[in-house]
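Below is one structure; the comments refer to it alone.
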Amino acid sequence: MLNKAISRRSLLGLGAAAAAAAALPGCSTERSDGKVEVEVVCYKQEAVNIFQELAEKFNATHDDIYLNFSCPNDAVTIMKTRFVRENYPDIIGIGGDGDYASFVDSDILADVSDYPGLSDVSEAYTEILKSITYVPMDGIYGVPYVANAAGMLYNVDMFEEHGWEIPTTWDEMIALFKQIQSEGILPIYLGYLDTWTILSPWNSITTNLVPADLARQVNAGEAKFADYYAEPAEKMLELLDYAEEGPFAYSYNDACINFANGESAMYPCGSFAVPQILSSNDQINVGMFPMPSAPNPDDRIVVSGVDLQWCVTKACPHKEAAYEVIKFLCDPENMQTYIDDQRAIPCHEGNYELDPLFDGVSDWVTGGKVLDYLDHSYPSAMACDAQVQTMLLSGDVDAFLTKWDNDWQRYNRQVIRKVQAYEDQQ
């Protein structure tokens, strides 16, 4: 999850600073040994060791470029602070979400349409990046690297032992929940004390029930969330009947630990949770299946966002050197090293070996039947995760829908104006 300490809206005023960036020196500098130094700042702090290994490998095999790679805590906040101070890294490694949209909107990132390796990127993930920006942008501003996925995590061995079948519809899943309960086992663990965890099942359920461009429609004045969000809200409430008692008292860590220790058969979360689960029990066999909330099983979608992409800042004075770094990171052997270490999904086409975790969703991922996380388009100031939690605690869906639409208009004013101005010009 990205740090939201600095509102993405605060970056919308950085256009003037970014416009001057091209005249400023970036962090690509010529060292005393004659090498061009390329600085990469990446938000994947949990992958710091693997990236340090790759940086050492790069530096040992390149005579003309030195790679300076860092994965600091609160990396996105550090990036934003540096942008304000016009102290730009050459490359940033970030997710495909609202912060990325703000950086594009603020004219901080360079167009990388001329990067040759883009031809290897799966079209589904390129389209996801295009869908994140507030209005359609000319150009491409990031090279997708790896993705994650969300759905229903499940204990494979427990399913096989009891003969439970993977559900393909919501009714089948509820029937399975009831069967599991009848056998004295907890169907799902939720762990809703940490509000951000609520967005994982919310994304997986809702993506199958609403138009893919609903946020754009709302911003353009063509729709309201209240027209579509009632059914997802009701389904979220229904999950509470099959979870631990008092899920709002248990944290994300609690949920991971308890699922890992076999206290529930399933956990509605994303692949990002698996390393945490395995740290509690490295013997658990975790699988994933698509959230079966679509009315027609054939229409099921897997939520899969760009978990990491490489973006070159406009201030970078050595774009070719930056491209050489990205080319190295995207080399199939190096990417496979990252995929193995982080249990990630490659955004590039090729013969990659995925973790068995993804066996149940591989047809969706390889077939491009994926859509981005809905919350990537939610304004951080709106605290959407807390709003869903409040609805789950109160059970008042009507109040939830009214507040959501009202707050969207309140916290999204600048984006709405921008979108409507764009629509008027078309």
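The translational diffusion coefficient of the range 294-407, from Stokes-Einstein at 4 °C and 1.567 mPa s with a Kirkwood hydrodynamic radius over alpha carbon pairs, comes to 73 µm²/s. Here the dipole of the chain is about 1640 debye; that uses its Cα centre as origin and unit charges on the Cβ of Lys and Arg (positive) and Asp and Glu (negative).
One chain, two ends: residue 238 and residue 138. Fully extended at 0.36 nm per residue, the span grows by 31.7 nm beyond their Cα-Cα distance. Here's how it looks for residue 37: its modeled amide H is under 5 Å from those of 29, 30, 31, 66, which are all 5 or more places away or on a different chain. Computed from Cα atoms, the angle from the helix 384-394 axis to the main principal axis of the chain rounds to 10 degrees. In straight-distance terms, cross-link reach from residue 130 covers every one of the lysines whose alpha-carbon lies under 29 Å from its own, apart from those fewer than eight places away in the same chain; here that gives 4, 44, 80, 224, 314, 319, 327, 369, 403, 418. In the chain, taking the dipole from charged Cβ atoms about the Cα centre, the farthest positive-side position among 304, 272, 415 is held by 415.
This ranking places 189, 88 by how few other beta-carbon atoms lie within 10 Å of each, fewest first, which gives 189, 88. When only the Cβ of Lys, Arg, Asp and Glu is charged (+1, +1, -1, -1), the dipole of the range 152-303 relative to its Cα centre reaches about 420 debye. Per residue, the convex hull spanned by the Cα atoms of the range 152-303 amounts to 109 cubic angstrom. If you take the beta carbon distance between residue 111 and residue 285 as r and set R0 to 41 Å, what does 1/(1 + (r/R0)^6) give as a FRET efficiency, to the nearest 0.05? About 0.40, to the nearest 0.05. Once backbone amide H atoms are built at 1.01 Å from N, residue 152 has 289, 291 as its partners under 5 Å, excluding neighbours fewer than 5 places away on the same chain. Cβ crowding within 10 Å, taken as a proxy for footprinting-reagent exposure, orders 225, 103 from fewest neighbours to most as 225, 103.
FRET efficiency for the pair residue 253 and residue 418, taken as 1/(1 + (r/R0)^6) with r the Cβ-Cβ distance and R0 = 45 Å, rounds to 0.70.
Relative to the dominant Cα principal axis of the chain, helix 75-84 is inclined by about 40°.
Subtracting the Cα-Cα distance of residue 220 and residue 349 from 0.36 nm times their residue separation leaves 43.0 nm of extension gain. Comparing mean-square fluctuations of 191, 117, 95 from a GNM of the chain with C-alpha springs under 10 Å, the top value falls on 117.
All of the numbers you see were taken from the coordinates with simple rules; none came from a lab. None of the values given here were measured: they were computed from a predicted structure. With ideal geometry, Cβ positions are generated from the backbone for all residues, glycine too; neighbour counts draw on all protein chains shown.
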